[in-house]
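Here's the structure, in C-alpha cells; my notes come after.
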Amino acid sequence: MPAHHDVRIEDVNMKRLGAMLWTTHENKPEDFEELLLLKGMGPRALQSLALVSEIIYGTPTRFEDPARFSFAHGGKDGHPFPVPVKIYDETIDTLQRAINRAKIGNSDKLSAIQKLSEISRKAEESFTPNSNFDALVQREREESHKYGGKTVFGDAKPPKKKPINPNNQLELF
C-alpha cells in the first residue's frame, strides 16, 4: 500500500478498473440480468459486486493495486468517496442470498457472481483506459448521496455545483 491515504491514479491499474467500470455501466442491466441471474441490480450495484467477486475469485496477480477495490464501497472517511450504504447493503444481500442458495444445492447465484468476475477480466483484454481518474472520483462523490452515502462525518450531501459531464459517462472510462 502507498504511504499516502488518498487514492490516486498511480495507485490503481486503470486498465483493470476502467474495464470493470465500462463492463458494469455501459452494458444494459437487462443483459446482465439474463446472463447472471442478478435481477434488479443497477450499474452501480454491479460495479461493487464485480469488485467483490474479484476479491473472492481473483488470482493473486489481480491484487497488485489494492486501492482499486476502494471503488466497491468507498471509505468511511470519504476517500475516495463516502460509503454508498444502499449499495453496500445490496452487495451483502446478494452475496448472502447466493450463499444460502448454494447451501441447498442451487448454486446459480454463486456461479453468476463468479461469471461477473470473468466478464470483467475478459473486457480488460481489449480495453484502453483514459486518464479521467479525477472525474471518476468526483462523479462517485457527487452521486454518493443517491446511494445513502455516509462517512464518519455524516451523510453525503448532494453537490452544490453542476455535475461533471452528466450526460457522458463514457469519458469516465
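Scanning region 139-158 for residues that are open to solvent by less than 50 Å² (accessible area, probe 1.4 Å) and either in contact (Cβ under 8 Å) with a residue 24 or more places away in the chain or over 16 Å from the mean Cα position of the chain (by Cα) (or both) turns up R139, E140, E143, S144, G148, G149, T151, G154, A156.
In region 1-21, what residues are of a type outside the set (D, E) and assigned to a loop (DSSP other than H, G, I, E, B)?
M1, P2, A3, H4, H5, V7, R8, V12, N13
Evaluate the following for L17: is it modelled with pLDDT of 85 or more and buried (at least 18 other Cβ atoms within 10 Å of the Cβ)? Considered against the rule, which asks whether it is modelled with pLDDT of 85 or more and buried (at least 18 other Cβ atoms within 10 Å of the Cβ), L17 comes out as yes. If you go through region 44-74 and pick out every residue that is without any contact (Cβ under 8 Å) to a residue 24 or more places away in the chain and surrounded by 15 or more Cβ atoms within 10 Å (Cβ to Cβ), you end up with 1. Can N27 be described as open to solvent by 30 Å² or more (accessible area, probe 1.4 Å), under 25 Å from Q138 (Cβ atoms) and modelled with pLDDT under 80? Spelling it out, N27 is indeed open to solvent by 30 Å² or more (accessible area, probe 1.4 Å), under 25 Å from Q138 (Cβ atoms) and modelled with pLDDT under 80. Taking the condition touching a helix residue (DSSP H, G or I) at 6+ places or on another chain (Cβ under 7 Å) and at pLDDT below 90, does T94 pass? In short, yes. Give region 42-61 a look and list any residue that's under 8 Å from the mean Cα position of the chain (by Cα), modelled with pLDDT under 90 and not aliphatic (A, V, I, L, M), or say none. Passing the criteria: R44, Q47.
Just checking, how many residues over region 75-93 are within 18 Å of S111 (Cβ to Cβ) and buried (at least 18 other Cβ atoms within 10 Å of the Cβ)? Selection size over region 75-93: 1.
Within region 111-135, residues that are hydroxyl-bearing (S, T, Y) and at pLDDT below 85 sit with their Cβ atoms under 7 Å from residues that are open to solvent by less than 50 Å² (accessible area, probe 1.4 Å) and not in a loop (DSSP other than H, G, I, E, B), at 6+ positions apart or across chains, in these pairs: S117/A50; S117/S53; S117/E54; S120/A19; S120/M20; S120/T23; S120/A50; S120/E54.
Checking the conditions here, which among G75, G105 is farther than 27 Å from F133 by Cβ and not in a helix (DSSP H, G or I)?
Exactly one of G75, G105 is farther than 27 Å from F133 by Cβ and not in a helix (DSSP H, G or I), namely G105.
Would you say D93 is touching a residue at least 12 places away in the same chain (Cβ under 8 Å) and over 16 Å from A156 (Cβ atoms)? Even if it seems obvious, please write down each step before you answer.
Working: touching a residue at least 12 places away in the same chain (Cβ under 8 Å): no; over 16 Å from A156 (Cβ atoms): yes.
Criteria not met by D93.
Taking region 62-105 as the range and being of a type in the set (G, A, S) and more than 16 Å from the chain's Cα centre (by Cα) as the test, the residues that pass are A98, A102, G105.
The values are calculated or read from the model by the stated rules, or taken from the named source; none is laboratory data. Keep in mind that what you see is a predicted model, and the values were worked out from it rather than measured. Cβ: placed from backbone, ideal geometry, glycine included. Neighbour counts: every protein chain shown. Each accessible area value is taken on the protein alone, full model and side chains, heavy atoms only, with ligands, DNA and RNA left out. Shrake-Rupley method; radii C 1.70, N 1.55, O 1.52, S 1.80 Å.
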